[in-house]
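The values are calculated or read from the model by the stated rules, or taken from the named source; none is laboratory data. What you are looking at is a predicted structure, and each value in this text was computed from that prediction instead of being measured. Positions of Cβ are backbone-derived with ideal geometry, glycine not excepted, and every protein chain shown enters the neighbour counts. Quick note on the areas: whole protein, heavy atoms, side chains included, nothing else; ligands and nucleic acids left out. Shrake-Rupley method; radii C 1.70, N 1.55, O 1.52, S 1.80 Å.
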Amino acid sequence: MANIIITGTSRGIGFELAKLFADEGHKVLALSRNPRPILDVNHANIATFSFDICQPDDFRKVMEFIADWDTVDVLINNAGSLLNKPFARTTVQDFEKVYQVNVFGVAELTRLVLPKMHKKSHVVTISSMGGVQGSLKFSGLAAYSSSKGAVITLTELWAEEFKDSGPSFNVLALGAVQTEMLEEAFPGYEAPVTAKEMAEYIMEFALTGHKLYNGKLLQVSNSTP
């Protein structure tokens, strides 16, 4: 049984991940601003409380909770903010809001959890194909896609800095997945992969991928975008 932390669990991939890990017998701390969907699952292996990745005080709640854990075996940085807005109208404040969730919050939670992790622990950060250099880009996603590119580079840097002590760090660049966030950003678009299907892949990778990969970007997409 592993100790798992997942962010962005109120819906979509994160919600499915929390249930999948819990059903497999792992102990899950599910973090999101809205804990109600997870509370309604009422699973004995899932703990949750309101967590806003943009609020410094909320990080203290996480540290207090995991103080009773011997280790954190897997951290999945899944929470994300997607803005679809023409660049000419995208303000500094827009960029700051997206980066606060997609980059700064990811970095801070990872930094704080690291002392609880061991050589065989695994940090998996969820990025996007839009953040991959040379991939097809889409208008309106300047803040979002650039932030997803930032965590790809962060992952490579973490892997280098902690290559002797661990844990392993990898990043998954996802293609289109049918989630509420995708529907809000691109109304009417139908993705070829469901949130549960992607969650099943991510769970398996989170538990085993560190054996073969460290500091790597894996592109997980069968579509454009």
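Assorted remarks:
- Annotation: amide H-H contacts under 5 Å for residue 194 (H modelled 1.01 Å from N, sequence separation of 5 or more, or interchain): 178.
- In Hz, Karplus ³J(HN,Hα) per residue of the range 77-87 (6.51, -1.76, 1.60; θ = phi - 60°; x = Gly, Pro): 7, 10, 4, x, 10, 10, 10, 10, 7, x, 4
- Average Cα contact separation per residue, the range 23-152, under 8 Å, 6 or more apart, as relative contact order %: 25 percent
- Relative contact order of the range 150-224: 45 percent, from C-alpha pairs under 8 Å at least 6 residues apart in sequence.
- Ligands, DNA and RNA left out, the 1.4 Å accessible surface of the chain is 52% carbon and sulfur atoms.
- √(5λ) per eigenvalue of the Cα gyration tensor, the range 144-194, largest first, Å: 31, 12, 7
- When the charge dipole of the range 10-53 is built from unit charges on Cβ atoms (+1 for Lys and Arg, -1 for Asp and Glu) and taken about the Cα centre, the candidate among 45, 13, 35 whose Cα reaches farthest toward its positive end is 35.
- Share antiparallel - DSSP beta bridges, the chain, percent rounded to 5: 0 percent
- Taken about its Cα centre, the range 1-109 carries a charge dipole of roughly 480 debye when the Cβ of each Lys and Arg holds +1 and the Cβ of each Asp and Glu holds -1.
- Derived scalar couplings between HN and Hα for the range 196-210 equal 5, 4, 5, 4, 4, 5, 5, 4, 4, 5, 4, 7, 10, x, 5 Hz in order, rounded to whole Hz, by the Karplus curve 6.51 cos²θ - 1.76 cosθ + 1.60 (θ = phi - 60°), x for Gly and Pro.
- Whole-number percent relative contact order across the chain, with pairs defined as alpha carbons under 8 Å at least 6 apart: 21 percent
- Options 165, 143, 110, ranked by Cα towards positive dipole end of the chain, top entry (Cβ charges): 143
- With 27 Å as the limit, the listed pairs 163/196; 27/119; 85/216 have 163/196; 85/216 beyond it between alpha carbons.
- Phi angles across the range 55-67 convert, under the Karplus curve 6.51 cos²θ - 1.76 cosθ + 1.60 with θ = phi - 60°, into 3J(HN,Hα) values of 10, x, 5, 6, 5, 5, 4, 5, 5, 5, 5, 7, 4 Hz, Gly and Pro given as x.
- Label selected from (i) 18.9; (ii) 17.7; (iii) 11.8, the criterion being mean projected area of the Cα convex hull in nm² as computed here: (iii)
- Max mean-square fluctuation residue, GNM over the chain, Cα-Cα springs under 10 Å, options 92, 41, 151: 92
- Once backbone amide H atoms are built at 1.01 Å from N, residue 128 has 174 as its partners under 5 Å, excluding neighbours fewer than 5 places away on the same chain.
- Accessible area of the range 33-152 divided out per residue, in Å², using a probe of 1.4 angstrom: 50 Å²
- By average C-beta atoms within 10 angstrom, highest first, the peptides 173-181, 203-211: 173-181, 203-211
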